[in-house]
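Q: Have a look at the structure that comes next, please.
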Amino acid sequence: MNDLKLTFYGGARSVTGANFMLESKKMKILIDCGLQQGKNFCEDGNCLDFAYDPQTVDFLLVTHAHADHIGRIPKLARDGFGGTIYSTEETRKISEIMLKDSLRFVLKEALEAKREAIYRKEDIKKALSLWKTVPYRQDFNLGKGFRAFFKDAGHILGSAIIEISYNSRKVAFSGDLGNSPAPLLNDAEFTTDADYLIMESVYGDRNHEDISLRKEKLKNIILKTIKKKGVLLIPSFSLSRTQIMLFELNNMIENGEIPSLPVFLDSPLAIKITRLYKEMQNNFKRAVKEQISSGDKIFDFPRLKFTESSGESKAINNVKPPKIIIAGSGMSHGGRIIHHEKRYLSEPQNAILFVGYQSPGSLGRIIQDGAGEVMIENQKIKIRAERETISGYSGHKGSDELLEFVEKAGESNQLKKVYVVMGEPRSAMFLVQKIRDNFGLEALSPKEGESFFLD
């Protein structure tokens, strides 16, 4: 029965670049096709040819709409893929926004590196023409013995755990698993009867601070910035983290926990995503839906301003502090946050708050790790602003929660092997060892390009 093969073409011993293939002799299914990211939004490695022929791939199943999971889909289409793409409806809609927005980074970095861009506008259009949607918890037939099923991963709106069944075997791809309980979304579901599990490990070697403390910590950072009459910069991922920040600020202001102050959402992409969140609330947690039903506009509160145009963005400088600026990109790869960092990081009354993962080599990670000065757009900036991190707002499960997910997956005694991916090598290997020690399961951290036959 070893006619089922699993290959790790990306995301092995790396946080980014998810790209896995499950295949039989008659069918090839990709799971995710993401960008490799680090210092740049689109690293040079993304320009290489795929290690497989895209024309031979039948399906692409997408776990969620972050760039490290969808960022090379237009390149896949450009290079000949003509199969069908499946995801949840939310993931497709968000992916369309994300891919169209990221094109400017792809083109800019290609121009600077004097190389061909990995895709262009027409490639995004082709990819979207191949894209179909399936809701959570609805089994669908891929043909030739394969069936698929999406469960709620609780990571971002529309994120899915993908379970693929073939000839009495089930292979589960965790995607990125949400840090439950989350402020907006339902808890991540569990997979309970898989034979093989492909498991993320972004925080495989560490836990987050107590979730119950995250809102209090955010409140205290804001109050401290207000007292110092400073500016609080929040480099925030346009997708999910921004909406969580707006939701928390809305509740704190409405409840009188912090005074009303100017809050700027200075990211055209985040503004588009936030509007989509307003439209697609079916998969919000029950308490949030009840809050909305009561008349609360959870992404809107006094003195919140969406600054879409560059003129509106520049005008933020004219507003006296204290004030809060939420801007992308989340790792300071580019976007408007770098202009605010240039202006405000050198002043000690200000603060920069990290609420999401910072990839090694990214400007955000360099600042977070304590650099005394950084280069931003060829200008040397001394950092005197306070640096704050709240890991409780991470969109990923911590180590203990990841182990709980594996434990649940193994309760049926069907689980034969766990492949640990989507983590830095140290994080992945730590989780591998914990899985072996705690549950006696076979676990490993595959190398990029490595293949395995699934009995």
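The values are calculated or read from the model by the stated rules, or taken from the named source; none is laboratory data. Remember, predicted model here, so these are calculated numbers, not experimental data. Cβ coordinates were reconstructed from backbone atoms using ideal geometry, including for glycine residues, and neighbour counts include every protein chain displayed.
Q: Can you find a residue in region 357-374 that is part of a strand (DSSP E or B) and either surrounded by fewer than 15 Cβ atoms within 10 Å (Cβ to Cβ) or in contact with a helix residue (DSSP H, G or I) (Cβ under 9 Å, 6 or more places away or on another chain) (or both)?
A: Going residue by residue through region 357-374, those that are part of a strand (DSSP E or B) are 373-374.
Narrowing the set further to residues that are either surrounded by fewer than 15 Cβ atoms within 10 Å (Cβ to Cβ) or in contact with a helix residue (DSSP H, G or I) (Cβ under 9 Å, 6 or more places away or on another chain) (or both) leaves 373-374.
Yes, some residue in region 357-374 is part of a strand (DSSP E or B) and either surrounded by fewer than 15 Cβ atoms within 10 Å (Cβ to Cβ) or in contact with a helix residue (DSSP H, G or I) (Cβ under 9 Å, 6 or more places away or on another chain) (or both).
Q: So, in region 25-68, how many residues would count as being more than 22 Å from ASP139 (Cα to Cα) and outside any loop (DSSP other than H, G, I, E, B)?
A: Number of matching residues: 9.
Q: Residue check: is GLY361 at pLDDT below 95, at positive phi and not hydroxyl-bearing (Ser, Thr, Tyr)? Can you show your working first?
A: On the way: at pLDDT below 95: yes; at positive phi: yes; not hydroxyl-bearing (Ser, Thr, Tyr): yes.
So GLY361 fits the description; yes.
Q: Determine whether GLU347 is at pLDDT 95 or above and farther than 27 Å from GLU200 by Cβ. Outline the logic, then answer.
A: Values: at pLDDT 95 or above: yes; farther than 27 Å from GLU200 by Cβ: yes.
The answer is yes for GLU347.
Q: Is at least one residue of region 406-417 among the polar types (S, T, N, Q), closer than 22 Å to ASP205 by Cα and modelled with pLDDT of 95 or more? Explain how you work it out, then say what you get.
A: Of region 406-417, the ones among the polar types (S, T, N, Q) are 412-414.
Next, only the ones that are closer than 22 Å to ASP205 by Cα stay: none.
Scanning region 406-417, I find no residue that is among the polar types (S, T, N, Q), closer than 22 Å to ASP205 by Cα and modelled with pLDDT of 95 or more, so the answer is no.
Q: Kindly provide the set of residues from region 170-197 that are within 17 Å of the chain's Cα centre (by Cα) and not in a loop (DSSP other than H, G, I, E, B), ordered by number.
A: Filtering region 170-197 down to residues within 17 Å of the chain's Cα centre (by Cα) leaves 173-188.
Across region 170-197, the qualifying residues are PHE173, LEU185.
Q: Something else: Which residue pairs have Cβ atoms under 6 Å apart, sit 6 or more places apart or on different chains, and have a first residue in region 300-316 that is closer than 15 Å to ILE326 by Cα and a second that is in a helix (DSSP H, G or I)?
A: PHE301/ASN250; PHE301/ILE253; PHE306/ILE271; THR307/SER313; GLU308/PRO268; GLU308/ILE271
Q: Still on this structure, I have one more. If a residue has to be under 30 Å from TYR52 (Cα atoms), charged (D, E, K, R) and over 22 Å from the mean Cα position of the chain (by Cα) to count, how many in region 397-446 make the cut?
A: Residues that pass the stated criteria total 3.
Q: Shifting gears a bit: Given GLY158, GLY145, which one is closer than 21 Å to PHE237 by Cβ and outside the structural domain of ILE271 (by TED's automatic domain parsing)? Please lay out each step first, then the result.
A: Numbers: GLY145 fails: closer than 21 Å to PHE237 by Cβ.
One residue alone meets the criteria, GLY158.
Q: Go through region 126-164 and report how many residues are of a type outside the set (A, V, I, L, M, F, W, C), within 18 Å of GLU200 (Cα to Cα) and part of a strand (DSSP E or B).
A: Initially, region 126-164 is screened for residues of a type outside the set (A, V, I, L, M, F, W, C), giving 126, 129, 132-133, 135-139, 141, 143-145, 147, 151-152, 154-155, 158-159, 163.
From what is left, the residues that are within 18 Å of GLU200 (Cα to Cα) are 151-152, 154-155, 158-159, 163.
Subset that is part of a strand (DSSP E or B): 151-152, 163.
Adding up the residues that qualify gives 3.
Q: Among the numbered criteria (1) in a helix (DSSP H, G or I); (2) at pLDDT below 95; (3) surrounded by fewer than 19 Cβ atoms within 10 Å (Cβ to Cβ), which single criterion is violated by PRO302?
A: With respect to (1) in a helix (DSSP H, G or I); (2) at pLDDT below 95; (3) surrounded by fewer than 19 Cβ atoms within 10 Å (Cβ to Cβ), PRO302 is out only on (1).
Q: Which residues, taken from region 215-254, are hydrophobic (A, V, I, L, M, F, W, C) and part of a helix (DSSP H, G or I)? Don't jump to the end; show me each part of the working.
A: First pass over region 215-254, keeping only residues hydrophobic (A, V, I, L, M, F, W, C): 218, 221-223, 226, 231-234, 237, 239, 244-247, 249, 252-253.
Across region 215-254, the qualifying residues are LEU218, ILE221, ILE222, LEU223, ILE226, ILE244, MET245, LEU246, PHE247, LEU249, MET252, ILE253.
Q: Under the condition of being without any contact (Cβ under 8 Å) to a residue 40 or more places away in the chain and assigned to a helix (DSSP H, G or I), which residue from region 382-428 is surrounded by the fewest Cβ atoms within 10 Å (Cβ to Cβ)?
A: GLU404
Q: Go through SER201, SER238 for me and flag whichever is surrounded by 20 or more Cβ atoms within 10 Å (Cβ to Cβ), at pLDDT 95 or above and among the hydroxyl-bearing types (Ser, Thr, Tyr). Before the answer, list the steps.
A: Details: SER238 fails: at pLDDT 95 or above.
Selected residue: SER201, the only one of SER201, SER238 that is surrounded by 20 or more Cβ atoms within 10 Å (Cβ to Cβ), at pLDDT 95 or above and among the hydroxyl-bearing types (Ser, Thr, Tyr).
Q: Tell me whether region 133-148 contains one or more residues that are crowded, with 19+ Cβ neighbours inside 10 Å and of a type in the set (Gly, Ala, Ser).
A: Checked region 133-148: at least one residue is crowded, with 19+ Cβ neighbours inside 10 Å and of a type in the set (Gly, Ala, Ser).
Q: Let me ask something else. Return yes or no: is GLU122 among the acidic types (Asp, Glu) and not in a helix (DSSP H, G or I)?
A: Values: among the acidic types (Asp, Glu): yes; not in a helix (DSSP H, G or I): no.
Spelling it out, it is not the case that GLU122 is among the acidic types (Asp, Glu) and not in a helix (DSSP H, G or I).
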